[in-house]
Every structure is written in structure tokens, then in C-alpha cells.
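Shown next, in C-alpha cells, is the structure this report addresses.
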Amino acid sequence: MARALKRTLRRWLYIGHRWVGIVTCLFFAMWFISGVVMMYVAFPGLSDKERLAALPDIQWEKVALSPDDAMRAAGAARYPRDLRLSMLADEPAYRITAWDGKRQAISAVNGRVITGVSEQQALAVAQHHPASRSPQFEEIIDRDQWSVTTRYDPLRPLYLIALGDNADTKLYISARSGEIALDTNRTERVWNWLGSIPHWIYPTVLRKDGQLWRLVVPWISGICLIVGVQAIDGLGQELWAQLAIVAATICYAGAAIFGRNFKELNPIMPAAGSMICGAIVLVPASLITEKPWTLTPSPESILALLALSVFSTALAFAIYFRLVQTLGSVGTTAQAYLRVPIGVAIGVMFLREHLTSTALIGLVCVIAGVAGMTVPVRKSAIAS
């Protein structure tokens with residue numbers, strides 16, 4: 001009974017490890033690719049340059065209130081964080097942002113507090129945008145994928161207006177004050193589904209609940225902290241090199257699976273074939289890019305190269321394909337985890353590095369996991 005339970009638990013350990021690894025790898029691949037997209041396409045917003053370009057000239061002859069009069073009309077006890085004079089359709093208005101984030105719009109004509117903007121006024125505001133061709137009102141929204149953040153809360157609800165241009169630009173205009181909150185175009189909307197939204201874990205259904213989103217992000221970020229934040233230093237700076245590493249990782253994972261096809265061969269044969277294929281690819285590339293005849297390596301470098309070639313490559317390939325035959329693909333890939341404790345041990349023994357308690361616990365978990373994956377289960381004795 002105990003042995004049957006052990007076999008069952010071990011089987012589910014294999015299945016759980018496999019699918020957790022697949023999901024985690026897909027997540028990291030998604031995070032890497034979306035980060036590359038974000039380098040070229042930012043999340044939709046409204047820059048100062050875009051905001052100013054969408055504003056018409058102020059009709060100064062209609063301005064009857066001074067900034068101090070506008071502050072008194074707004075009930076401001078001190079100078080606000082931001083105070084601007086701009087046009088609201090055909091009416092000049094002061095837009096005041098208090099230090100607590102509260103926003104108000106005061107008419108510069110008669111000093112009334114503007115508490116709402118009509119659909120016609122919103123269309124008139126959109127008419128002045130540089131991309132405007134034939135503005136069309138679409139709907140009033142409270143929150144969608146592009147206006148999901150809390151920075152737009154003082155401006156909600158928002159008029160969504162399509163400008164009718166080739167880029168399919170859409171404006172979000174506050175129904176409270178008539179301010180343009182942000183603009184988006186088709187390119188931004190499409191690429192952000194491959195960039196910022198998956199990278200920031202930003203779907204509307206999650207991001208609209210700020211407390212839940214702030215909990216989910218640290219949970220997922222914990223995976224990155226376990227790997228180490230140094231692992232993402234320089235992300236995107238050497239794009240082709242990083243993509244090559246990702247491709248090599250995928251090839252390494254597939255090698256253990258496809259290597260089972262060589263099960264009937266002597267391990268030396270697939271090892272030699274791998275070395276020959278690698279040489280066919282790398283030697284011409286080395287001759288073109290490195291020009292080895294121009295180098296003058298030291299004797300230590302030559303000895304290190306020989307050791308790397310004989311022990312760490314040729315012998316390692318032979319052992320690798322032997323493990324594929326005896327342990328299978330799962331057991332063979334498990335040996336990759338042993339590189340961590342071996343590397344740490346080398347650092348402690350030869351480089352005088354210090355082993356922290358956290359690292360020690362992690363090493364014990366790694367070794368225990370590898371043992372659980374590779375140690376064969378004893379078969380129960382057959383009753384005579």
C-alpha cells in the first residue's frame with residue numbers, strides 16, 4: 001500500500017513539475033517578448049506636446065476673470081498645484097487641480113463652476129485635434145482597457161470620440177470638465193495587447209481592482225526574485241544575443257526529448273555526430289568573424305581550451321547520451337539542476353565565496369528535487 005502510494009505521488013510529482021515548468025517558461029517567454037514590444041510602442045497616454053497641439057487659440061476678448069477670481073470661485077484656500085487657462089469649445093475656462101488631486105473647471109466668462117459637458121461640446125473639443133477629420137461620438141464610458149488607471153478617476157465619465165482619420169485615432173474627453181484625458185490609435189491598441197498589457201498584467205478585469213492587482217503583481221514578481229533580479233539586467237540592450245539564448249534554451253529542452261531516438265546506438269555515435277555538426281556550423285563562422293590566425297593565445301588559454309574540448313564537451317556529450325538511454329529525458333534534464341550546487345561548491349572551495357542560509361536551503365531543495373525525479377522506485381517483490 002505504501003509503495004503504491006509512493007508511486008502515485010511520484011507520478012503526480014512528474015506531471016506537476018512538467019506543467020509548472022511549461023507554464024513558467026511560457027510566462028517568461030511572454031514577459032521577454034512583451035518587453036521587447038514595449039521598447040517601441042508605449043502604453044496609450046497624452047503627452048504635453050499632444051495636449052497643446054489639440055488646444056485652440058484662447059479667445060482673450062472673452063476672458064473676464066483673473067486667476068485670483070477663478071480661485072475664489074472654486075473656493076481654493078491657497079494656490080493650487082496646477083492652474084491653466086484654455087478653451088472649452090468656444091468658451092475660455094480655468095482648469096484647477098488642487099493639492100489633493102481634486103479638479104475643477106471655472107468659466108473665465110462668468111465665473112460659474114462647470115460641472116458637466118455636453119456631447120456637442122465634446123465634439124467641438126475633438127474638432128481641434130490635429131488628427132481630426134470627421135469626429136463621431138461613440139459612447140460614454142466609465143472605464144475601459146486604455147483608461148483603466150486611477151489617474152483618470154477625477155475626469156470620469158469619459159466621452160469616447162472617433163476622429164475618422166486613417167490611424168483610427170480615438171479621444172477620451174472628460175464629461176465633467178471637457179479636458180482631453182488621452183488619445184489612442186489603432187497601432188497602439190493592437191501592439192499593446194502584445195506589449196504592456198501582458199507585461200504589466202494589465203487586463204481591465206484585474207487592473208480595475210487596484211488592491212487585487214497590487215497583490216497579484218508581487219505574487220508573480222516573486223518568481224523573478226527567486227531567479228534573481230540580476231537575470232534581467234540589460235534586457236533588450238543586446239536583443240539578438242538574448243534571442244539567441246532563448247532559442248538555445250528551447251533547443252536544449254528539445255534535445256533531451258528527441259535524443260531518445262538514438263536509444264539503440266552507442267552513446268559515442270550521437271556524441272560524435274553532435275560534435276561534427278557543431279564544427280560544420282561554428283568553424284566557418286569562427287574563421288570569418290574571429291580570424292584565429294591573428295591571435296596569439298597563451299599556453300594557459302590553450303590548456304583551458306583542450307580541457308574544455310575533451311572533458312566539458314566530448315566526454316560530456318557521451319555521458320549525456322548515455323543518460324538519455326538509462327534515465328530517459330526527464331532524468332537527463334534533471335542533471336541541469338545539479339549545475340547550481342556544483343557551481344556554488346566550486347565558488348566556495350576555490351573562490352572563497354560565502355554560503356548564506358537562504359542559498360543553503362535552496363541547494364537542499366534542488367538536490368531533493370533531483371533525487372525525487374531520478375531515484376528509481378523499488379519494485380515490490382512478487383509473491384511466490
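The values are calculated or read from the model by the stated rules, or taken from the named source; none is laboratory data. Worth saying up front: this structure is predicted, and the values here are computed from it rather than measured. With ideal geometry, Cβ positions are generated from the backbone for all residues, glycine too; neighbour counts draw on all protein chains shown.
Checking every residue in segment 140-150 against the condition of being buried (at least 21 other Cβ atoms within 10 Å of the Cβ), in contact with a Pro (Cβ under 8 Å, 6 or more places away or on another chain) and not hydroxyl-bearing (Ser, Thr, Tyr) gives at least one match. Is it the case that some residue within segment 200-209 is in contact (Cβ under 8 Å) with a residue 40 or more places away in the chain, crowded, with 17+ Cβ neighbours inside 10 Å and not hydrophobic (A, V, I, L, M, F, W, C)? Within segment 200-209 (the criterion being in contact (Cβ under 8 Å) with a residue 40 or more places away in the chain, crowded, with 17+ Cβ neighbours inside 10 Å and not hydrophobic (A, V, I, L, M, F, W, C)), the answer is yes, since at least one residue qualifies. If the condition is being part of a strand (DSSP E or B) and touching a residue at least 24 places away in the same chain (Cβ under 8 Å), then segment 60-93 contributes 85, 86, 87, 88, 91, 92, 93. When residue 98 is tested against (1) in contact with a helix residue (DSSP H, G or I) (Cβ under 9 Å, 6 or more places away or on another chain); (2) touching a residue at least 24 places away in the same chain (Cβ under 8 Å); (3) in the same structural domain as residue 184 (by TED's automatic domain parsing), only condition (2) is not met.
The selection criterion, being farther than 19 Å from residue 259 by Cα, within 38 Å of the chain's Cα centre (by Cα) and not hydrophobic (A, V, I, L, M, F, W, C), does not hold for residue 313.
From the list 76, 93, which one is aliphatic (A, V, I, L, M) and either under 30 Å from residue 195 (Cβ atoms) or out of contact with any Ser or Thr (no Cβ under 9 Å at 6 or more places or on another chain) (or both)?
Matching residue, one of 76, 93: 76.
Based on what the data block shows, is residue 171 part of a strand (DSSP E or B), assigned by TED's automatic domain parsing to the domain that holds residue 54, surrounded by fewer than 20 Cβ atoms within 10 Å (Cβ to Cβ) and touching a helix residue (DSSP H, G or I) at 6+ places or on another chain (Cβ under 9 Å)?
no
Checked against (1) within 35 Å of the chain's Cα centre (by Cα); (2) part of a helix (DSSP H, G or I); (3) in contact (Cβ under 8 Å) with a residue 12 or more places away in the chain, residue 22 meets all criteria but (3). Residues in segment 25-41 that are touching a Gly at 6+ places or on another chain (Cβ under 8 Å) and assigned to a helix (DSSP H, G or I): 34, 35, 36, 37, 38.
Yes/no matrix, rows are residues, columns are (1) of a type in the set (Phe, Trp, Tyr); (2) surrounded by 12 or more Cβ atoms within 10 Å (Cβ to Cβ); (3) at pLDDT 85 or above:
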residue: 311; (1), (2), (3): yes, no, yes
residue: 320; (1), (2), (3): yes, yes, no
residue: 328; (1), (2), (3): no, yes, no
residue: 337; (1), (2), (3): yes, yes, no
residue: 341; (1), (2), (3): no, yes, no
residue: 344; (1), (2), (3): no, yes, no
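Evaluating residue 183 against the criteria (1) part of a loop (DSSP other than H, G, I, E, B); (2) surrounded by 21 or more Cβ atoms within 10 Å (Cβ to Cβ); (3) of a type outside the set (S, T, N, Q) leaves one unmet condition, (1). Answer with yes or no whether residue 160 is under 18 Å from residue 127 (Cα atoms) and buried (at least 19 other Cβ atoms within 10 Å of the Cβ). Yes, satisfied.
Can you say whether residue 131 is surrounded by 21 or more Cβ atoms within 10 Å (Cβ to Cβ) and of a type in the set (Gly, Ala, Ser), as far as the supplied structure shows? In short, no.
Cβ separations smaller than 8 Å between residues 6+ apart or across chains give no pair from segment 317-329 residues that are more than 9 Å from residue 270 (Cβ to Cβ) and outside the structural domain of residue 255 (by TED's automatic domain parsing) to residues that are among the charged types (D, E, K, R) and surrounded by fewer than 17 Cβ atoms within 10 Å (Cβ to Cβ).
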